[in-house]
Amino acid sequence: MEADELNLLFEVFEDAPRQGPGSIETTRHALRLLPDSLRVERVLDLGCGTGGSTIVLAQHTGAHVTAVDIHPPFLAALRARAGELGLADSITTVAADMADVTSLGTGFDLVWAEGSAYSIGFENALRSWRPLLRSGGCLVVTELVWFVAEPAERARAFFADEYLDMRDEATRIDQARDVGYELVGSFRLPAEDWRAYYAGLEAPLREAISRRGDREIYTTLQLEREIYETCGDDYGYLCAWPCRSWQNQRADPRPPDKPMQQTGLRPAADRQDVGRHDGSPAAHSGRSHNSPFAPADHITLAVQALSNQFRGNPMQDQAVSMAVRKIARITGKSGQSEQLRLALARLESATRHEPGCVEFTFFQAISDPDSFVLLEHFIDQSALDAHMQLEHTRAFFSAQLLDSVTAVDVPRLS
Ligand SMILES: C[S@@+](CC[C@H](N)C(=O)[O-])C[C@H]1O[C@@H](n2cnc3c(N)ncnc32)[C@H](O)[C@@H]1O
């Protein structure tokens, strides 16, 4: 990429709400799916950009968030937004290279990295970030992955230049396990997150181009968008939340690899608090009991995460006593797992827009691609009844991809 284009892209991204696909709703969704038992007081947001996720993390966890990025102008934009939203005391920005995490401290309850792990190599990132977490803490990471075994040639050629080490979902999940995490769950970012990301870049791109007086400039960003529009079913972002195991507390004997890609920017050493923060580690639970997650396959782990999520406090129960929660185990017709996965993805995306839907998430078993688990949570029975009558639900069932469905009601336990 030419230096001119690189400068233009930095300008565009500095003015953009996000620097990669994602959304407020997706960040909140991932937060909701974390184990209820996870007490969150200290959060680290790595590769935070202008703070698309940082702001949501501060608002929805009430924790203190340390936000790290290598590009100081992104952090300046984040500080300005945090100030406007009254979050100055909740966020500390640190201009640093996330490949060298030694100065960031340890004992974080939650480490968050949306779209940034790739820049120092995914496996290397997960390995070197693990010591940042307290025992039992969680890492939430989004990563660009191939969704299909044979991606379109155009997409393959584009990412051979842009992200040579791009892998499939199963490989990334295996790598997380290999470097000492237990996988609690994962989901794919919805297509709306890509559309919103590109839409958010339109005005800054137009303005940056017109500042240069050149209306014809064609950037990698525009090419990337075209590739997404034509081949976007073949790849996308996986959001996974592996946790540092309670059981596996030995020091990792393997040193982190050398970073696979560098941005070419030098890390600045400035550390700027948005507001007051004394840097002292907040008290945390110091939990040392064994993991509640049995070593099991993807579905078991997902169900475990759900049961934690549904065990709320009795005060909340009164307000939501009419809610309907179900876990459905779905078996697809043999040989049609890919069609069923796509149909479930469409159903999930449409259902999440229903006013009565609180949660609608499906998981596919890695060990048996015909097996799925669906987590459903509606505000009440009439919301579920309405869901069953909607066009997208009818279309899902009329596709006749199902071999069997068994659903259990999950009452909220107090
Ligand atoms: C794709 S953007 C994602 C930004 C943000 N998390 C989001 O989702 O909008 C990747 C971010 O990682 C930052 N980054 C890349 N390499 C880095 C490094 N070695 N250390 C710290 N930040 C880095 C970039 O400056 C950029 O803000």
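The values are calculated or read from the model by the stated rules, or taken from the named source; none is laboratory data. Please read all numbers here as calculations on a predicted model, not as lab measurements. We place every Cβ from the backbone using ideal geometry, glycine too, and count neighbours over all the protein chains shown. Only protein heavy atoms, including side chains, enter the accessible area calculation; ligands, DNA and RNA are left aside. Shrake-Rupley method; radii C 1.70, N 1.55, O 1.52, S 1.80 Å.
State whether the residues of the stretch 224-242 include one that is farther than 15 Å from residue 20 by Cβ and in contact with a Cys (Cβ under 9 Å, 6 or more places away or on another chain).
yes
Just to be sure, is residue 167 over 14 Å from residue 239 (Cβ atoms) and either open to solvent by less than 10 Å² (accessible area, probe 1.4 Å) or basic (Lys, Arg) (or both)? Break it down stepwise before answering.
Details: over 14 Å from residue 239 (Cβ atoms): yes; either open to solvent by less than 10 Å² (accessible area, probe 1.4 Å) or basic (Lys, Arg) (or both): yes.
The answer is yes for residue 167.
For the stretch 95-129, name all the residues that are away from the ligand (no atom under 16 Å from the Cβ) and either modelled with pLDDT under 90 or within 27 Å of residue 159 (Cα to Cα) (or both).
none
State whether the residues of the stretch 110-125 include one that is part of a helix (DSSP H, G or I), of a type in the set (Ser, Thr, Tyr) and farther than 30 Å from residue 359 by Cβ.
The answer is yes; a qualifying residue exists.
Just name the residue that is nearest to the ligand (Cβ to nearest atom) out of those in the stretch 75-86 that are out of contact with any strand residue (DSSP E or B) (no Cβ under 9 Å at 6 or more places or on another chain) and not basic (Lys, Arg).
This residue is 77.
May I ask you to list the residues in the stretch 19-46 that are part of a loop (DSSP other than H, G, I, E, B) and open to solvent by less than 40 Å² (accessible area, probe 1.4 Å)? Show your work before the answer.
First, pick out the residues of the stretch 19-46 that are part of a loop (DSSP other than H, G, I, E, B): 19-23, 33-41.
Listed by number, the residues that qualify are 20, 21, 22, 23, 33, 34, 35, 38, 40.
Across the stretch 47-68, which residue is nearest to residue 131 (Cα to Cα) among those that are touching a Leu at 6+ places or on another chain (Cβ under 9 Å) and either of a type in the set (Lys, Arg) or open to solvent by 20 Å² or more (accessible area, probe 1.4 Å) (or both)?
61
For the stretch 132-161, name all the residues that are in a helix (DSSP H, G or I) and loosely packed, with under 15 Cβ neighbours inside 10 Å.
Taking the stretch 132-161 as the starting set, the residues that turn out to be in a helix (DSSP H, G or I) are 132, 153-161.
If the condition is that a residue be in a helix (DSSP H, G or I) and loosely packed, with under 15 Cβ neighbours inside 10 Å, then 153, 154, 157, 160, 161 are the ones that fit.
Can you tell me how many residues in the stretch 370-405 are modelled with pLDDT of 90 or more and open to solvent by 60 Å² or more (accessible area, probe 1.4 Å)?
Number satisfying all stated conditions: 11.
Working only within the stretch 32-64, note down all residues that are without any contact (Cβ under 8 Å) to a residue 40 or more places away in the chain and more than 12 Å from the ligand (Cβ to nearest atom).
58, 59, 60, 62
Considering only residues that are open to solvent by less than 20 Å² (accessible area, probe 1.4 Å) and touching a Gly at 6+ places or on another chain (Cβ under 9 Å), which ones fall in the stretch 105-118? Walk me through it before giving the result.
First, the residues of the stretch 105-118 that are open to solvent by less than 20 Å² (accessible area, probe 1.4 Å): 107-113, 116-117.
Across the stretch 105-118, the qualifying residues are 107, 108, 109, 110, 111, 113, 116, 117.
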